[in-house]
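Everything below concerns the one structure shown next.
The values are calculated or read from the model by the stated rules, or taken from the named source; none is laboratory data. Remember, it's a predicted structure, so these values are computed and weren't measured experimentally. Don't worry about glycine lacking a Cβ; one is built from the backbone with ideal geometry, like all the others, and counts go over all protein chains shown.
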Amino acid sequence: MGGTQAMSAAPLESAASTRAAVIGGGSWGTAFARLLVNAGVVTEIICRRPYQSEAINRNHRNPDYLESVELPAELMASTFDDNNLSLADLVVVAVPSKAFREVIHRLAGGISPEAPVLSLTKGLEPETLKRMSQV
């Protein structure tokens, strides 16, 4: 066997021009949205509760999850009923497995057909025992 060759990671193609939508304002969605913004990705977190999105936009903190973590001012928050989901180049779903089906059915029409959807949801759907890829 030969020596190992160092592989360099391909740079993100203009991360600032990439728009991501993170569906779910819980701990997992909030943490992932923060990581995306810190990586230079224009990010919108879509919350079920309007007061939650208002607090994130106003105070840069999620009032329900990770309250002690300051969120980047660049993180935009919106609601299920009023969002920019159709503009996202990447859609990230971070909702509990028991809510996955309902949330996807509710928001699917707003997702661009070209946008990849990344599911961060873990577990099985409680009622059917299906994996999220089967829902």
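Within the option set Ile56, Ile23, being over 11 Å from the mean Cα position of the chain (by Cα) and in contact (Cβ under 8 Å) with a residue 24 or more places away in the chain holds for one residue only, Ile56.
Given Ile111, Ile46, which one is in contact with a strand residue (DSSP E or B) (Cβ under 6 Å, 6 or more places away or on another chain), of a type outside the set (Phe, Trp, Tyr), closer than 15 Å to Trp28 by Cα and surrounded by 14 or more Cβ atoms within 10 Å (Cβ to Cβ)?
Values: Ile111 fails: closer than 15 Å to Trp28 by Cα.
Matching residue, one of Ile111, Ile46: Ile46.
Please determine, by comparing only the residues of region 84-104 that are out of contact with any Leu (no Cβ under 8 Å at 6 or more places or on another chain) and assigned to a loop (DSSP other than H, G, I, E, B), which one is farthest from Gly40 (Cα to Cα). Break it down into steps so the answer makes sense when it comes.
Quick first cut of region 84-104, residues out of contact with any Leu (no Cβ under 8 Å at 6 or more places or on another chain) only: 84, 86-89, 95-96, 98-104.
Then drop every residue that is not assigned to a loop (DSSP other than H, G, I, E, B), which leaves 84, 88-89, 95-96.
Numbers: Asn84: 18, Ala88: 15, Asp89: 14, Val95: 23, Pro96: 26 Å.
If we take residues in region 84-104 being out of contact with any Leu (no Cβ under 8 Å at 6 or more places or on another chain) and assigned to a loop (DSSP other than H, G, I, E, B), then Pro96 is farthest from Gly40 (Cα to Cα).
Regarding Asp82, is this residue within 24 Å of Ser133 (Cβ to Cβ), of a type in the set (Asp, Glu), surrounded by fewer than 17 Cβ atoms within 10 Å (Cβ to Cβ) and modelled with pLDDT of 95 or more? Judged against the criteria, Asp82 is not a match.
Might you let me know whether region 12-22 holds any residue that is at pLDDT 95 or above and of a type in the set (Val, Ile, Thr)? Looking for residues that are at pLDDT 95 or above and of a type in the set (Val, Ile, Thr), one finds at least one in region 12-22, hence yes. The single condition among (1) surrounded by 14 or more Cβ atoms within 10 Å (Cβ to Cβ); (2) in contact with a Leu (Cβ under 8 Å, 6 or more places away or on another chain); (3) farther than 16 Å from Gly29 by Cα that Val135 does not satisfy is (2).
Restricted to region 43-83, and to residues that are assigned to a strand (DSSP E or B) and β-branched (Val, Ile, Thr), which residue is nearest to Thr18 (Cα to Cα)?
Taking region 43-83 first, the residues assigned to a strand (DSSP E or B) are 43-47, 76-79.
Adding the requirement that they be β-branched (Val, Ile, Thr) leaves 43, 45-46, 79.
Numbers: Thr43: 8, Ile45: 14, Ile46: 17, Thr79: 20 Å.
Filtering first and then ranking leaves Thr43.
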